[in-house]
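Trainee: Dropping a structure here in structure tokens format, bear with me for questions.
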Amino acid sequence: MKKYSEINIGDKETLSHTITKSDIEKFVQLTGDDNRLHVDEKFASATQFKKPVVHGMLGASFISTIIGTKLPGDGALWFSQSLEFLLPVRIGDVLTVTAEVLKKNDKEQIIELKTEIHNQNRQIVTKGIAKVKVIETEVAPAEVEKKEDAPKTALVIGGTGGIGKATCIQLAKDGFNVIIHYNKNKTLAEEIKAEVEKHKQKAIIVSADILNDADIKEMISKGVRAFDKIDVLANCAATVIPNIKFQDLVWTDFLQQMEVNIKSTFTIIQAVVPEMIKNGYGKIINIGSLSAEKPNADWSHYITAKSALIGLTKSLAFELAPKGIRINMVTPSLVNTELTADIPEKIKLLTAAQTPLRRLALAADVAGVISFLASEKSDFLAGENIRVNGGQVMI
């Protein structure tokens, strides 16, 4: 959490949440408020609202979330709140909650916050004023000394993918706590979390759309709140690559690949770098593609994006190395994972035959190199591209 002295008038935080039917069911189960206006479509249709209205306090509960996790964060004592419910909230509405510091009471270490909830149409549905006492924890000298020996933390983007899963488990073996990012496959993320914990390390799972800036910011925030820091970022997210002949490509095909490979990487790095700068140390590992050096047909949109990633990695490595942040790249050849399961067996056999080591790369091969780059053994590497291709390309 922020110390009282670090909070300034005008400081502002936001979070977003899409209201679902499940949210209402859980709220009713917890509170017992089963007012038919909230849960009965037929009843609601006979009222002026025409369809169910979400409980006002369900939306307002996210004010507690933003105060307890963002401004000021852990230890916040929220003791006063005024509320005005201005517009009804419906299932499917996207609520954006904001909290902004209006006043500070230095004597009692109390902050006053303007709290507002907007819907997807930028309309204010709820507003009010919150008062929060900032409770700061005391750190004993012995605890400060132990902090240096605390386990490092790694954030693995695309943690439920083939390379991502192998990376999560390998880093756990190396003694890292792991933040496992997933987009949709929560079940697999939970299984990977259990695997990490078998190695006596802590783990959390975090869902985020890596093309959504707000999701990325929230993901970093949750990771830092859980482990106080992020030492390593491994960008292992991957997506299916459509085969499209050049004559059939449209510019949006290139833009889609740039969004996935460049925009998401840029946004995630930009969000995590301030945390690494605070610690004066960090490792960032991007995943390239052999096709950028050994091109194949029908992938020009993908190859262009991965080539741009090489440039992004080198330029950021040069800029951030003086701040103690090392950025490097791992470039595998065809990796035997679920993502490549639909590639014809003939192509896989031919690729293996053309590889001096006579096999395809395994996710564990890539994870092993990521492990090296995440460790202190690679502290003098910056802007490097380590190729994991069994000898197909030697430079």
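The values are calculated or read from the model by the stated rules, or taken from the named source; none is laboratory data. Owing to the predicted nature of the structure, the values given are computational and were not obtained by experimental measurement. Cβ: placed from backbone, ideal geometry, glycine included. Neighbour counts: every protein chain shown.
Trainee: Of all the helices (runs of 4 or more DSSP H) wholly in segment 179-294, which have at least 1 residues that are in contact with a strand residue (DSSP E or B) (Cβ under 7 Å, 6 or more places away or on another chain), among the hydroxyl-bearing types (Ser, Thr, Tyr) and in contact (Cβ under 8 Å) with a residue 24 or more places away in the chain?
Mentor: Here the list reads 264-279.
Trainee: When you scan segment 62-93, how many residues do you find that are part of a helix (DSSP H, G or I), in contact with a strand residue (DSSP E or B) (Cβ under 7 Å, 6 or more places away or on another chain) and not aliphatic (A, V, I, L, M)?
Mentor: 4
Trainee: Considering Leu349, Leu309, which residue is closer than 30 Å to Thr153 by Cα and in a helix (DSSP H, G or I)?
Mentor: Just a single option satisfies the conditions, and that option is Leu309.
Trainee: While we're here: If a residue must be farther than 14 Å from Ile91 by Cα and touching a Lys or Arg at 6+ places or on another chain (Cβ under 7 Å), how many such residues does segment 28-43 contain?
Mentor: Residues flagged as farther than 14 Å from Ile91 by Cα and touching a Lys or Arg at 6+ places or on another chain (Cβ under 7 Å) within segment 28-43 amount to 1.
Trainee: Only one of Gly10, Gly59 is closer than 25 Å to Ile129 by Cα and not in a helix (DSSP H, G or I); which?
Mentor: Details: Gly59 fails: not in a helix (DSSP H, G or I).
Of the residues listed, the single one that is closer than 25 Å to Ile129 by Cα and not in a helix (DSSP H, G or I) is Gly10.
Trainee: Since Ala44 meets every condition but one in (1) part of a helix (DSSP H, G or I); (2) within 30 Å of Ala226 (Cβ to Cβ); (3) without any contact (Cβ under 8 Å) to a residue 40 or more places away in the chain, which condition does it not meet?
Mentor: (2)
Trainee: Just need a number here: residues in segment 13-41 that are under 20 Å from Thr65 (Cα atoms) and either outside any loop (DSSP other than H, G, I, E, B) or touching a Leu at 6+ places or on another chain (Cβ under 7 Å) (or both).
Mentor: Final tally of qualifying residues: 18.
Trainee: Let me ask something additional. What's the number of the condition Val101 fails, among (1) surrounded by 13 or more Cβ atoms within 10 Å (Cβ to Cβ); (2) under 30 Å from Val39 (Cβ atoms); (3) more than 25 Å from the chain's Cα centre (by Cα)?
Mentor: Condition not satisfied by Val101: (2).
Trainee: Does segment 372-379 include one or more residues that are over 20 Å from Ile163 (Cβ atoms), assigned by TED's automatic domain parsing to the domain that holds Asp231, at pLDDT 85 or above and touching a strand residue (DSSP E or B) at 6+ places or on another chain (Cβ under 9 Å)?
Mentor: The answer is yes; a qualifying residue exists.
Trainee: Name every residue in segment 359-389 that is among the small types (Gly, Ala, Ser) and surrounded by 21 or more Cβ atoms within 10 Å (Cβ to Cβ), in order of residue number.
Mentor: Matches in segment 359-389: Ala361, Ala363, Ala367, Ser371, Ala374.
Trainee: Hey, another quick one. Could you identify the single residue in Ala203, Ala234, Ala214, Ala208 that is exposed (fewer than 15 other Cβ atoms within 10 Å of the Cβ) and among the small types (Gly, Ala, Ser)? Can you show your working first?
Mentor: Working: Ala203 fails: exposed (fewer than 15 other Cβ atoms within 10 Å of the Cβ); Ala234 fails: exposed (fewer than 15 other Cβ atoms within 10 Å of the Cβ); Ala208 fails: exposed (fewer than 15 other Cβ atoms within 10 Å of the Cβ).
The unique qualifying residue is Ala214.
Trainee: Only one of Thr96, Thr167 is polar (S, T, N, Q), in a strand (DSSP E or B) and modelled with pLDDT of 95 or more. Can you tell me which? Let's see the steps before the verdict.
Mentor: Values: Thr167 fails: in a strand (DSSP E or B).
Testing whether each residue is polar (S, T, N, Q), in a strand (DSSP E or B) and modelled with pLDDT of 95 or more leaves just Thr96.
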